Structures are given as C-alpha cells and as structure tokens.
1. Just to check your reading of the model, which residue among R242, R250 is free of Cβ contacts under 8 Å to residues at least 60 places away in the same chain, open to solvent by less than 20 Å² (accessible area, probe 1.4 Å) and under 30 Å from A87 (Cβ atoms)?
2. Among the listed residues L292, L257, L322, L261, identify the single one that is of a type in the set (A, V, I, L, M) and in contact with a Lys or Arg (Cβ under 6 Å, 6 or more places away or on another chain).
3. Which members of the stretch 285-309 meet the condition of being open to solvent by less than 70 Å² (accessible area, probe 1.4 Å) and within 20 Å of L459 (Cβ to Cβ)?
4. Restrict the check to the stretch 261-284 and report whether at least one residue is surrounded by fewer than 17 Cβ atoms within 10 Å (Cβ to Cβ), part of a helix (DSSP H, G or I) and at pLDDT 95 or above.
5. So L608 clears everything in (1) over 30 Å from R146 (Cα atoms); (2) surrounded by 18 or more Cβ atoms within 10 Å (Cβ to Cβ); (3) aliphatic (A, V, I, L, M) except one condition, right? Which one?
6. Residues to consider are S173, S181; find the one that is open to solvent by 50 Å² or more (accessible area, probe 1.4 Å) and small (G, A, S).
7. Considering S74, S82, S94, which residue is closer than 16 Å to L161 by Cβ and of a type in the set (S, T, Y)?
8. Tell me the strands (runs of 3 or more DSSP E) entirely within the stretch 347-401 that contain at least 1 residues that are more than 20 Å from R549 (Cβ to Cβ), free of Cβ contacts under 8 Å to residues at least 60 places away in the same chain and in contact with a helix residue (DSSP H, G or I) (Cβ under 9 Å, 6 or more places away or on another chain).
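The values are calculated or read from the model by the stated rules, or taken from the named source; none is laboratory data. What you are looking at is a predicted structure, and each value in this text was computed from that prediction instead of being measured. Backbone-built Cβ (ideal geometry, glycine too); neighbour counts: all protein chains shown. We work out accessible area using only protein heavy atoms, side chains counted, and drop any ligands, DNA or RNA first. Shrake-Rupley method; radii C 1.70, N 1.55, O 1.52, S 1.80 Å.
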Amino acid sequence: MGASFEAGAPATPSAARRSTAISPSRDRSPELTDPLSALAGVGPRTAAGLGELGVECVGDLLRHLPAGYLDRRSPVDPAAASPGPGAVVGTVESVRWLRLRGRRGGLTVARVAGGGSALEVRWHGRPWLRDRLDVGAQVLLLGEVRRAKRGSGLEMLDPALETPSAETGDLISPVYPGLGSQGPARVAKLVAQAAGALDPARVPEDPIPAPLLEGHRLPPLAEALAEVHRPSPEADVAALRRRTSAAWARLLYGDLLAEQLALARRRRDRRACRPPHRFHLPQALREELLRLAPFALTEAQTRVVDEIFDDLERPWPMARLLQGDVGCGKTAVALLALAAAAANGLRGVWMAPTEVLAEQVFRVARGWFGERWPVALHTASSRAAAAAPVIVGTHALLEAGAVEGGGAEDLALVVIDEQHRFGVEQRRRLVERGSAPDLLLMSATPIPRSLALTRHGDLDLSRIDQAPPGRAGATTDVWPRRRRLRAYRRLADALEAGAQAYVVVPAIEAGEASLAATVDRLAEPLARWPGGVLHGRLPSAEQLDVLDRFTTGELRWLLATTVVEVGLDVPAATAMVIEGAERFGLAQLHQLRGRVGRGAVPGWCLALHGPVDGEA
C-alpha cells in the first residue's frame, strides 16, 4: 500500500490529486453498509438499476473489480513502444474521420509520431475527437499496443486519451467493466468514491482468521481491496494486470474458500438427509445386473459401477459426477445404475440434451432391459407413460406431471447426460420431482481432476480412464478453408475405400460455412455415394429416419449440424470434415471428433477454419 493511503497524507502532488478524486462529496466518508445513495450523483433511478444487478450498498460496489489498469508512470514514444499494455506519448501528425462502408458510424483515425517513428491510432466513432486533436499537439495514449494487421508497424485501438502533464506522471488507474446502464467511466467514479469506505479504522475485521492469512502471506481484505482499486505509486502493474499480486491473491483466495465452504455445507446437508427409498444390492444381484450388458465391461467400467452401486446403498442420496472421454462407455455404466433402481422396485429417469440422443439411449435401454423393466420415451414429440420404471427423455421431463405418475417417492435415481448442457435450475427442477433421489451426472468434456473437484466439490467423482477394446481412435488436423477442395478429395477417397463420413457445419443458413452453402459444394465431389442431411429443424421422425439409414450404411455420408455431437455410435464412420471450426467451442470440437474412429479402423478429422480472431 502507498503511504498516502495508510497514513491519510499524500506524499506527492499526483497522490494528492488522487486522494481528492476518491473522496466523496458528502460530509463523511461512506461506510461499507451504506446504501449507494450515500455516494455523490447516485439518485433513486441509478440505485434501483444497480440494485437489480445485486449491487445494493457501498461494499457491493467494491466487489466490482477492475478489468485492467492504465499506467501513466513511464510513457514511451512510438519508436520505443512494443506490443502489450502501455502508455505512449507523441505528437499528432494527422487526424481524419473514416466512414465505414455499409455500416453506421465510422472511425476516428490519427497518426501519432515520436522518436523517428509513428503508430496509427483508431477510435470507433467519436467524431468529436477531430476537433480535440490538433495537429502538432502532444497526447498521452493509454491502452493496448498491437502489431498492425496491415504493414509492419504498430497500432492502438480505442486507447484512453489524455494530455501529458506533471500531475499524471506516476498514476496507476483501474479500468472497470460497465454495470448495466453505467459505463466504465461512470463506474470508475463511483468506485473511487466507495474506496473511501476502506479506512482501516472503520473496516470490520477480516472474515478469514489472521493466522490463515499470515500462513499464505496474504493481506487483510480491506487492504487488498484498497490496493486493487487504487494501487500505490510503486505497485507492480504487470502483476495487477495478471491478477497475481498479493492483493488479487487475497481476493481470489477468499472467493475459492467461500465456495469450498459452501460446497462442504452442501455435502454435510446431503449426508444428513434420509430419503424414503433404499437400495439393496447384494453381490449376487450385482453380478446379475452386469450380465445385462451384451459385452464384457472394461476394468475401468467395472470399477466405476462398483463405486456407483456402493453409493446407492448408502443411507444418504448419491451425488456423483461420471466423467470419461468420448466413447469410453459411460452410457453402459449409467444404464446399469438405472437397472439397479428398477431391480429394487424403484424408478429412474435419464435426461438427455437432444431428442436424437434420448432416442438412442431409449433404444439401447429397451434392448438391454427387454420385457423385464418397461422403458418409456418422453420428449417434446413423444410423451411417455409417467409410471414406467425407466423413463428416458429430454427437457420435456421438466414439465409438471412428466415423472410423478408412479408417486414422487418412487423416483429414486436421476441421470443427467451431458450435464454441462443443462443449467443449474434445470437440474434442480428434475431432482425435485422426487424425494431426495440419487443423482448421477455425466460429462465427456475434458476437465482435469483438480479442476473437476474444485468446480464440482460437492460431488463424488468417478472417471472411466480406459477405452473399450477394438477402438482405433482418430487423429485431428486443422486446415485453413482455402484447402477445402483438398479436404473434400480426401473425403471422397475415404468413401471410395468403403468408409462412412460426416461433414459438420455450424449453422443451417447463415454464412459461408452454413449447411445451405455446403450442400451445393458437396454435390459434385460426393455425387457417387448416397448421402443425407440432418439438422434440428427437421421433424423428429425424419431425423431418426436419416440416422437409421446412416447407421445401417444405406447412407454413406451425412451433412449435419451439431445434432450429431453426441449419441451416435457408427463404427464404420472413419472420416469427418468440420466446416467453420472457429465457430465451435473446444468441448464441441472434442465431442464431434469422437464420432469417428469408434471401430477397428483409425479415423481422421479435418477442422477447416476461416479468419481466426484472438478468442477463436
């Protein structure tokens, strides 16, 4: 912390200016528990708007943390600038307004020079800058310096603009994200006022005990918040921006500790719960259930089944995350859990994110269970009898009465497939259909074990870390879309060799990589082989017909959207081309490539991408 903050007396002219800026224009500094109306300029409408976002008092506002920092301490001229956050001081050589063709508004473009070099600066909109920026004037630019997309020079996009002066020589200013209708600049002024509530003499004791903070070399909460919101002149700005400073570490540690305590309380409450149903799974029954599978389980599957069966027999409800890579056999394990419920005279429900996946699971379950335990399908287009011992469905299961027909107390097991595709509220609503049912969540999204335990710390974790025998897997390559014709020739070669193939697109109509555009491109290279088109707008019966024909080999290739992301197991499919790969998430790409290489022949996946921004 800076001496000016701790002692209350500014040490430098700039610190004095900063001290004045953060003092509220009221008779006293605000308290953490004061309503927002205690801050200057906050009227009833502003307070109400922020209150809807959960920011109701001064302390809440201080939890709205900076997204970055502007460092005015050591500005450099354009010749010495380098990519990254920085402060650049130079002379305006030119300024112009550039109207964008086909769009509203335009750009203010300036050339700022110094040290024998220059950089281009662009602001979206802001035509008034043409009057403020005089050719020959000195300016201070604060923001991200990056390499120009055209040429070999540097550029800045939407930097903060100031006039260099002695008073801005050593200031570090936080930059905040907006809050509702309050823009970043307005939020910065409000937080600066709220920072007056961090007077050490008036701040409550840190909720984390001092020995714990000292053991991790962390500052108290008030001190950490003060340093984050108004850094001392000697602060390490790089550490502040990376959120690795001691102050940021204290805030992040507090959030993680609070989350872990909340998860521990949930685990404690769950273990104190005693639902009306009980599972009895003696060894003889366990062995009988394992024989339902038409194949031998892997060692990993058998281990996980035992973990789940042990959980089901405990007096409190199970809450377990079943994790494993695409194609590892999670479906088989979860079906055996449903069989355990049915064998105990209880009911189980399986919720899948798509009708295609629900139909696939329904067919497998019906094949395994036969006439012993009836299986019902409940989707938007196929309503089930709610009293069936096993119900497989989609979001339609969330409807009132969808699963209660046999008595809510009989609903003993809830399986949620691809659990990351459902919201917390959706999962909760299905679980509440029963009386504290056992819960099994499934996910193929790759999550390291440590992160899984952090995010799902109230869950027990089971991992299937072994692939079934006879699966060759797939290799993945990433190509720019200018190599599309070469990709399609490779696809045709695979079909010529007897394989089946997928072409996956991110959208039905919009864009160069859409289904509508791709179906025309495929007409010539794949004309020799029968193919099908599959997307979510097709009626459910038509989707299933296309899938059946592809599964049986009648269709050799399938042009589809992400409806094929989960649930398809076609061992003969060994080739995939993904159009517009930059428009998919990493988890989606991982799921999609898991559709090939599921048999004895190795598969391959080509991800074709267009222009890629930093996020993609």
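1. Details: R242 fails: open to solvent by less than 20 Å² (accessible area, probe 1.4 Å).
Of the residues listed, the single one that is free of Cβ contacts under 8 Å to residues at least 60 places away in the same chain, open to solvent by less than 20 Å² (accessible area, probe 1.4 Å) and under 30 Å from A87 (Cβ atoms) is R250.
2. Values: L292 fails: in contact with a Lys or Arg (Cβ under 6 Å, 6 or more places away or on another chain); L257 fails: in contact with a Lys or Arg (Cβ under 6 Å, 6 or more places away or on another chain); L261 fails: in contact with a Lys or Arg (Cβ under 6 Å, 6 or more places away or on another chain).
Testing whether each residue is of a type in the set (A, V, I, L, M) and in contact with a Lys or Arg (Cβ under 6 Å, 6 or more places away or on another chain) leaves just L322.
3. Hits for the stretch 285-309 are A300, Q301, V304, V305, D306, E307, I308, F309.
4. Looking for residues that are surrounded by fewer than 17 Cβ atoms within 10 Å (Cβ to Cβ), part of a helix (DSSP H, G or I) and at pLDDT 95 or above, one finds at least one in the stretch 261-284, hence yes.
5. In the conditions (1) over 30 Å from R146 (Cα atoms); (2) surrounded by 18 or more Cβ atoms within 10 Å (Cβ to Cβ); (3) aliphatic (A, V, I, L, M), L608 misses (1) alone.
6. Details: S173 fails: open to solvent by 50 Å² or more (accessible area, probe 1.4 Å).
Every option except S181 fails the conditions.
7. On the way: S74 fails: closer than 16 Å to L161 by Cβ; S82 fails: closer than 16 Å to L161 by Cβ.
None of the other options fit; the residue is S94.
8. On the way: elements: 347-351, 375-378, 390-393.
Per the criteria, 375-378, 390-393.
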